[in-house]
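To start, the structure under review is shown below, and the notes come after it.
The values are calculated or read from the model by the stated rules, or taken from the named source; none is laboratory data. Here the structure is a predicted model, which is why all the values come from computation and not from measurement. Ideal geometry is used to build each Cβ from the backbone, glycine not excepted, and the neighbour counts take in all protein chains shown. The accessibility values were calculated without ligands, DNA or RNA, using every heavy atom of the protein model including side chains. Shrake-Rupley method; radii C 1.70, N 1.55, O 1.52, S 1.80 Å.
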Amino acid sequence: MGGARPRREDLARFATDDPDAMDDVLPVPPARLRLLIVGINPGLWTAAVNAPFARPGNRFWPSLHRAGLTDELVDASAGLSAPDERQLTSRGIGVTNLVGRATARADELSRDELRAGGERLISRVRDLRPGLVAIVGITAYRAAFVQPRATTGPQDASAIRGWPAGVALWVVPQPSGLNAHETVDSLAGYWQEVWRVVEGTGGDHGTDARGMTL
């Protein structure tokens, strides 16, 4: 639920070894999970407000809105409100992380942590059975699943040992402001392509999450 923004001087205390620093956002069964978005790990601001991609300036929510996956632009900087959460879950969209521990930067995670996170994600995907998994961050994906030559976009899931058959796998670029190679528009393009696959319309021009022609 939304609340107050954290004070910057308070953020450091959220850098703990807690493996569950942030709650997942998932549709309530029996609602179907169509798309599972997987961040690398919570940042300190995200952990403080218990909401995904919450730090001001992160382009995740603007790009999702630009792509049509939310009706309204979400401001998660003080937490995720119930109506904003329903914008995702009503469409069958969930959000989780590869690694649950909160850090100031994703590059503070060790390779072992990322690989362990990859194994946990495979187990969760077996249980949750989403239609498609979109991992946000190519560098973390390469390390977690030992795919050093992977590029963004659709992945060969059969190359991932233990990956459940029938669950599509994509990698989308990091939306952090530290990733200067991407813009809100370019990130929205990835999410539009992902949603076309979820909707079963492939890479052809179809509709976005609101039913609008692309």
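In segment 63-73, which residues are assigned to a loop (DSSP other than H, G, I, E, B), open to solvent by less than 10 Å² (accessible area, probe 1.4 Å) and not hydroxyl-bearing (Ser, Thr, Tyr)?
Of everything in segment 63-73, those that are assigned to a loop (DSSP other than H, G, I, E, B), open to solvent by less than 10 Å² (accessible area, probe 1.4 Å) and not hydroxyl-bearing (Ser, Thr, Tyr) turn out to be Gly68, Leu69.
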Next on the checklist: Looking at Val125 and the list (1) in contact (Cβ under 8 Å) with a residue 60 or more places away in the chain; (2) in contact with a helix residue (DSSP H, G or I) (Cβ under 9 Å, 6 or more places away or on another chain); (3) under 20 Å from Glu199 (Cα atoms), which single condition is not satisfied?
Outcome noted: (2)
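Condition first: assigned to a loop (DSSP other than H, G, I, E, B) and either surrounded by fewer than 16 Cβ atoms within 10 Å (Cβ to Cβ) or in contact with a Leu (Cβ under 8 Å, 6 or more places away or on another chain) (or both). Can you find one or more residues in segment 189-201 that meet it?
Yes, segment 189-201 contains at least one residue that is assigned to a loop (DSSP other than H, G, I, E, B) and either surrounded by fewer than 16 Cβ atoms within 10 Å (Cβ to Cβ) or in contact with a Leu (Cβ under 8 Å, 6 or more places away or on another chain) (or both).
Any residue in segment 31-41 that is basic (Lys, Arg), under 20 Å from Ala143 (Cβ atoms) and surrounded by fewer than 19 Cβ atoms within 10 Å (Cβ to Cβ)? Walk me through it before giving the result.
To start, the set of residues in segment 31-41 that are basic (Lys, Arg) comprises 32, 34.
Restricting the remaining residues to those that are under 20 Å from Ala143 (Cβ atoms) gives none.
Within segment 31-41, none of the residues are basic (Lys, Arg), under 20 Å from Ala143 (Cβ atoms) and surrounded by fewer than 19 Cβ atoms within 10 Å (Cβ to Cβ).
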Next on the checklist: I'd like the full set of residues that are within 14 Å of the chain's Cα centre (by Cα), open to solvent by 10 Å² or more (accessible area, probe 1.4 Å) and among the small types (Gly, Ala, Ser), limited to segment 141-188.
Outcome noted: Ser176
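Can you tell me which residue is nearest to Asp20 (Cα to Cα) among those in segment 77-135 that are part of a helix (DSSP H, G or I) and open to solvent by less than 10 Å² (accessible area, probe 1.4 Å)?
Initial filter on segment 77-135 (part of a helix (DSSP H, G or I)): 82-89, 106-108, 111-128.
Subsequent filtering for residues that are open to solvent by less than 10 Å² (accessible area, probe 1.4 Å) retains 88, 117-118, 121-122, 125.
Details: Leu88: 21, Gly117: 12, Gly118: 15, Leu121: 14, Ile122: 17, Val125: 17 Å.
Top of the filtered list is Gly117.
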Checklist entry - Does segment 142-161 hold any residues that are assigned to a loop (DSSP other than H, G, I, E, B) and polar (S, T, N, Q), and which are they? => result Gln147, Thr151, Thr152, Gln155
Checklist entry - If the Cβ limit is 6 Å and pairs must be 6+ apart or interchain, which residue in segment 45-62 that is open to solvent by 30 Å² or more (accessible area, probe 1.4 Å) pairs with which residue that is hydrophobic (A, V, I, L, M, F, W, C) and part of a loop (DSSP other than H, G, I, E, B)? => result Asn50/Met22
Next on the checklist: Going residue by residue through segment 78-87, is there one that turns out to be over 19 Å from Glu193 (Cβ atoms) and without any contact (Cβ under 8 Å) to a residue 12 or more places away in the chain?
Outcome noted: yes
